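These notes are about the structure you will find just below.
The values are calculated or read from the model by the stated rules, or taken from the named source; none is laboratory data. Everything numeric in this text was worked out from a predicted model, so none of it was measured. Note that each Cβ is placed from the backbone with ideal geometry, even for glycine, and that neighbours are counted across all protein chains shown.
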Amino acid sequence: MILVGERINTGFKDVKAAVLEKNGAVIQEWARKQAAAKATYIDVNLGAVSRKPEDLIWMIEQVQAAVDTPISIDNNKPLMLKAALPVCRKPPLVNSVTASEAEMGEIFPLVAQHKASVIGLSIDETGSPASADKRVENAAKVFEKAMEFGLQPEQLYLDPIVMPLKFTQPQASEILKAAGQFRLFSDPPCHIICGLSNMSNGAIHKKLINRVFAAMLVANGLDAIILDVLDQELIDTLLTAELVMNKQIYADSYLEAFRG
């Protein structure tokens, strides 16, 4: 399972303050915690705090000063990506690109140039899809365009667009249906990813909803996820779901083995 640690995000008050005050210690501490929890990538999200490339670069440099884990650049602005991609010591994950022809035409060349990977959202100019069919249609556009620019399936992460269960309950089954079809695009298949916390947005039983939906997504092909890597019960659920789906070899100590 590919785990993208979500915590270095200016949506969190401590990270926002750290960026505004240029307090690298906060960023580095979150980087170390997430790396220790076995994050595959550490997401760096500047959010609306700044549109200056140098602020995004500063965040990336703080993470890289603390850990060796690759970066997920949570930004889809070409100007920001052009500045940030060369700073990454290891091939990063770009988060994200939509099925917009203009957007794909700007971002995919940058991804290819830097041998990065990219998250493709199954959303287009008309907004969030309501059905599995529309999600698959949009994801297919992203997949085809990515291949045109020479990207390999393993560089592409397709996102079925998770919607809050509390407000859009009928969407949950459509998301699962779409995810199950994304892996049919190629052999070997591309990755399937989601931002898990969107599912429980506004709900009371956030952790329970996230755990259950994560397991259901794994059964429908999910192999990457943006999440709180420090949530041990959630990670255990994902590892066990992969075990049940025969993606891992059973051992009584499979949880301990993951944690090293």
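Scanning the range 31-81 for residues that are β-branched (Val, Ile, Thr) and surrounded by fewer than 22 Cβ atoms within 10 Å (Cβ to Cβ) turns up Thr40, Val49, Ile57, Val67, Thr69. Scan the range 173-190 for residues that are touching a residue at least 12 places away in the same chain (Cβ under 8 Å) and outside any helix (DSSP H, G or I) and the total you get is 6. Within the set Ile42, Ile57, the sole residue that is modelled with pLDDT of 95 or more, among the hydrophobic types (A, V, I, L, M, F, W, C) and within 15 Å of Arg7 (Cα to Cα) turns out to be Ile42.
Of the residues Asn45, Asn76, Asn23, which single one is in contact with an Asp or Glu (Cβ under 6 Å, 6 or more places away or on another chain), on the phi < 0 side of the Ramachandran plot and not small (Gly, Ala, Ser)?
After applying the criteria, what remains is Asn45.
Test Glu256 against the criterion of being within 20 Å of the chain's Cα centre (by Cα) and among the acidic types (Asp, Glu), and give yes or no. Judged against the criteria, Glu256 is not a match. Can you say whether Leu151 is touching a Lys or Arg at 6+ places or on another chain (Cβ under 7 Å), at pLDDT 95 or above and under 18 Å from Leu81 (Cα atoms), as far as the supplied structure shows? Here the answer is no, as Leu151 does not meet what is asked. Read through the list (1) touching a Ser or Thr at 6+ places or on another chain (Cβ under 6 Å); (2) of a type outside the set (S, T, N, Q); (3) within 28 Å of Phe12 (Cα to Cα), then give the number of the only condition that Glu174 fails. Failed condition: (3).
Report yes if Ser117 is touching a helix residue (DSSP H, G or I) at 6+ places or on another chain (Cβ under 8 Å), more than 23 Å from Val229 (Cβ to Cβ) and of a type in the set (Ser, Thr, Tyr), otherwise no.
When the stated conditions are applied, Ser117 does not pass them.
Inspect all residues belonging to the range 200-213 and state whether any of them is at pLDDT below 95, surrounded by 18 or more Cβ atoms within 10 Å (Cβ to Cβ), of a type outside the set (Asp, Glu) and farther than 19 Å from Phe12 by Cα. No, because not a single residue in the range 200-213 is at pLDDT below 95, surrounded by 18 or more Cβ atoms within 10 Å (Cβ to Cβ), of a type outside the set (Asp, Glu) and farther than 19 Å from Phe12 by Cα. Quick check: is even one residue across the range 88-100 of a type in the set (A, V, I, L, M, F, W, C), in contact with an Asp or Glu (Cβ under 6 Å, 6 or more places away or on another chain) and either assigned by TED's automatic domain parsing to the domain that holds Cys194 or modelled with pLDDT of 95 or more (or both)? Checked the range 88-100: at least one residue is of a type in the set (A, V, I, L, M, F, W, C), in contact with an Asp or Glu (Cβ under 6 Å, 6 or more places away or on another chain) and either assigned by TED's automatic domain parsing to the domain that holds Cys194 or modelled with pLDDT of 95 or more (or both).
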